[in-house]
Amino acid sequence: MRAVALILAVLAVSPSGALAATPRDPDFEPEEPVHSLALGPAPSGTPVVSMDVGWLWSGLRLDLGITSLVGLILSADTMLLYRGFDSNTGVHFGVRLTPITGGAFRLSIEGTAGQIFIPMSIGSETLTQIRGDVIFGTTIDPVTVYGRFGLIGEKGSDVPGRPSFLGQEQLGAGVETAWRRYVFGAEAYVWARPGHSGIGQWRLRAGIVL
């Protein structure tokens, strides 16, 4: 019995025993591969570049993971398929929080702010835009299914007959699949504006972890 007790004591103070007794720190755990561009998260210190092609909006986006919870967003979009490059163009910067990334359920919250540049016959008009999105879904390798609810607020110049502030909503659902460092997806959503019926939208998405 004394020999058994001695062996247990040695294991407890050995490096392997100390490691087993140490609580797991998620900041030092191997990060999971990116399953979804919509839900994230982007790996810490690693950029994820993606491209959207859709009706009405298409664009480019850069996600940079800061921690397993927080990431930065830089995006630019335009009405490429509708009016080419001579159309409304937006640039946004913001933050994404991913409070739930493990298990069957995933949750992501995004907030961005930026400018929309609208070409006019003479000069251009600039709108300030704020966006907020809540994205929730589930991943069963290699497929992710998600839903998205978004709010958009726009503040423009004081033009007669045009509201100075305009609120909009988006509600949609999408599916994505991951292969190695690549993610491909598609989303359908409805874009609702005050005083107008909802406009059906779609977009195709592709991204890569650099």
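Quick note: the coordinates plus some simple rules give every number you see, no bench work behind them. Keep in mind it's a predicted model, so treat the numbers as computed, not measured. FYI the Cβ positions are ideal-geometry reconstructions off the backbone, even for glycines, and counts take in every protein chain you see.
What's the local net charge at Thr138, with K and R +1, D and E -1, over the other residues with C-beta under 12 Å away? The partial results should precede the final answer.
On the way: positive: Arg106; negative: Asp141, Glu176.
Net local charge, Thr138 excluded: -1.
5 Å is the cut-off here: which amide hydrogens, built 1.01 Å from N in the peptide plane, fall below it relative to Leu56, excluding neighbours closer than 5 in sequence?
Amide H neighbours of Leu56: Trp202.
Work the Kirkwood hydrodynamic radius out for the stretch 31-79: mean of 1/r over every pair of different alpha-carbon atoms, inverted, in Å. Before the final figure, lay out each step's value.
Details: mean 1/r = 0.0884 Å⁻¹.
Hydrodynamic radius (Kirkwood, Cα only) of the stretch 31-79 equals 11.3 Å.
What's the FRET efficiency of Tyr82 with Ser44 using the Cβ-Cβ distance as r and R₀ = 45 Å, to the nearest 0.05? All intermediate terms of the calculation are to be shown ahead of the outcome.
Working: r = 37 Å, r/R0 = 0.82.
That gives a FRET efficiency of 0.75.
So what are the three principal axis dimensions of the stretch 75-210 from its Cα atoms, in whole Å, longest to shortest?
For the stretch 75-210, the Cα spread along each principal axis is 52, 27, 26 Å.
At R0 = 30 Å, how high is the FRET efficiency between Leu210 and Phe105 if r is their beta carbon distance? Nearest 0.05 is fine.
Details: r = 28 Å, r/R0 = 0.92.
Efficiency at R0 = 30 Å is approximately 0.60.
For Phe149 and Leu171 in one chain, what is 0.36 nm times their gap in residues minus the Cα-Cα distance, to one decimal in nm? Kindly include the intermediate steps, with their values, before the conclusion.
On the way: separation 22, 0.36 × 22 = 7.92 nm, distance 0.47 nm.
Between Phe149 and Leu171, full extension yields 7.4 nm more.
Sorting check: for 117-124, 189-196, 129-136, which peptide has the highest mean count of neighbouring beta carbons within 10 Å, and how do the rest follow? Before the final figure, lay out the partial values.
Numbers: 117-124: 9.8, 189-196: 13.2, 129-136: 17.8.
In decreasing order of mean packing, 117-124, 189-196, 129-136 become 129-136, 189-196, 117-124.
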